[in-house]
Amino acid sequence: MSLQSNLAESSNSDGASEQIRLRGRLAGAVKVAIIATDLAGAVTYWNPFAEELYGWSAQEVLGRNIMGITVSAETEELAKQHMAAVLSGESWAGEFQVRCKSGSYVSAFVTLSLLTDEDGVSIGVVGVSQDLTSRRQAEDALRRSEEQFHAFANSLPELCWMAHADGHIFWYNDRWYEYTGTTPDQMEGWGWQAVHDPEILPSVLERWKSSIETGNPFEMEFPLLGADGAYRWFLTRVRPVHDQEHKVIRWYGTNTDVDEQRRLFQSLSEARDHLEKRVQERTEELNTATDSLRQLSIRLLRLRDEEQRRLARELHDSVGQLLAAISMNIDIMSVEAHKLSPAAVKCVTDNAGLVQEVSREIRTISHLLHPPLLDEAGLASALRWYTDGFAERSKIKVELEIPGDFGRLPNDMEIAIFRIIQECLTNIHRHSESTEAAIRIHRDGDRLFVQVQDKGKGIPAEKQRELSSSGRGGVGFGGMRERLRQLGGSLEIQSDGHGTVVSAVLPIESLAESA
Ligand SMILES: Nc1ncnc2c1ncn2[C@@H]1O[C@H](COP(=O)(O)OP(=O)(O)OP(=O)(O)O)[C@@H](O)[C@H]1O
Ligand SMILES: [Mg+2]
């Protein structure tokens, strides 16, 4: 019985036969070629994979010498040496070019071992060959793809590199060496630290090691030392490559030069800071100028109030006294009138009338300039006196609503409110064409509300925009606003084709002490 039938065809039912049958199955299932020969080299066993690898069926080769089947003329000598070595007791293993039935050659990994019987007597040689072609092809394909990758990475302007899973860098592209002026030996593994800024390196290491530990991508900007001895900033991105079990097997890193960008960004933000600073300075200058203007207009308003008060007193005390003296003289002249001609008597009588009229006028002007009632009897009385006179002179009906127990306010406030109402009524007379006006004053808690309303044609829209946008317009509203601002109050103007309402609100919390 041949070795072939011994291994594959035995069907005895005892344990040994079972073992033999199993071995036969194994020899048929494995993806390696198993060939046995006798001591002379005649083939005694040829498993199914040997049929697949060499193209010969077992029937075709059994009994034939192996040298004529799988060995070429060129390698025959070498094959004989290996066989001889095996027959002398050594086993041999190595790569060998084996010949197939088609005449082509296959690269195989061959192991030759001596075959002995139960008594240890040599009965032949068994050779196991493994096809290396597909592994070679895969290796070639991998090498080609790595070469392509290197060529591609070398064509990029970025610095590129590859690291093992543990962070050990084993390859850099040419740009890296060009930029850093280093050599592969210096850079291998963790040598890259030599081109880092020592101040920043610890944080780079910390983050890179954390990425290695967690398998998370890495991204950071840091400077790298160039061959010219200067640092440039790079954006570094590192991505992991995983195997089927999602284990990191490699890292791909790129360093993109962002130095110019950073410089640009820096100069932009410097320019922005500078601009902001200039705007701030200009705003401060403007605020200071506005404050000075405000102070000036407050001073002007106060001066005008004082000047009006002084003029009113002058008119009353000096011109009024002189007119009184003239009037007394005229009285004396009237007593002696019988001594005068009729024409002179008429002049004296006319003068007496004229002097009285001038006295009245002077009194009115003086009181309008600064109503004595404002200081003596307070805002309510002064307003009553003023609105009566205004209604009489202007023929505009004025309604004044003020609480009977209004009491006194600080002098500054009383003057301000009086002047605001005086200006509103003057405006109504000059601009509104209204025949009536209403003034309402009331307190609500710690606030005082003053409202002057007319039923005239209203303030033109254009004018209203000017007034609300910046307080521009005439001195009238400007003055009102300044007076109110000075007292912590505010002004609101509402106006349409049916009339105008000017409303002022003032805080009066400290009235108790100052009133
Ligand atoms: N009651 C009103 N009815 C209609 N228009 C008004 C009224 N009050 C004010 N105006 C309009 O608002 C403008 C601004 O008033 P403002 O008192 O500030 O200035 P002015 O009266 O023109 O001048 P002045 O500086 O002498 O007071 C007026 O020119 C007028 O056109
Ligand atoms: Mg006015």
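Laboratory data are not the source of any read-out in this text; all were calculated from the coordinates shown. None of the values given here were measured: they were computed from a predicted structure. Neighbour counts run over all protein chains shown; Cβ positions are idealised from the backbone, glycine included.
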### Message
Going by amide H atoms built from the backbone, whose H comes under 5 Å of the H on residue 234, apart from near neighbours?
### Response
222, 224, 258
### Summary
Here the tail fraction of P(r) beyond 18 Å, over all Cα-Cα pairs of region 264-370, rounds in percent to 71 percent
## Note on the structure
hull vol. (C-alpha, convex hull) per residue for region 3-131, Å³ -> 98 Å³
### Query
What ranking of 179, 231 emerges when the number of other C-beta atoms within 10 Å of each C-beta is taken as an exposure proxy, fewest first?
231, 179
### Message
Compute the distance from the alpha-carbon center of region 446-508 to that of region 72-151, in whole Å.
### Response
109 Å
### Message
Largest first and in whole Å, what are the equivalent-ellipsoid semi-axes of region 137-257 based on the Cα gyration tensor, each being the root of 5 times an eigenvalue?
### Response
24, 19, 11
### Query
Order of 72-78, 192-198, 275-281 by packing, highest average Cβ count within 10 Å first?
192-198, 72-78, 275-281
#### Entry: Overall form of region 377-514 per C-alpha gyration tensor (a/c, 1.5; a/b vs b/c)
oblate
#### Entry: Residues 160, 424, sorted so that the one with the fewest Cβ neighbours within 10 Å comes first
160, 424
### Message
Applying a 10 Å radius around every beta-carbon, put 488-501, 236-249 in order of their mean neighbour count, most first.
### Response
488-501, 236-249
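What is the magnitude of the charge dipole of the chain about its Cα centre, with +1 placed on the Cβ of each Lys and Arg, -1 on the Cβ of each Asp and Glu, and no other charges, expressed in debye to the nearest 20?
Numbers: 55 positive and 77 negative charges, 559 e Å.
Here the chain has a charge dipole of around 2680 debye.
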### Summary
Fewest-first ordering of 413, 67, 328 by Cβ atoms within 10 Å yields 328, 67, 413
### Query
In nm², what is the average projected area of the convex hull enclosing the Cα atoms of the chain?
58.2 nm²
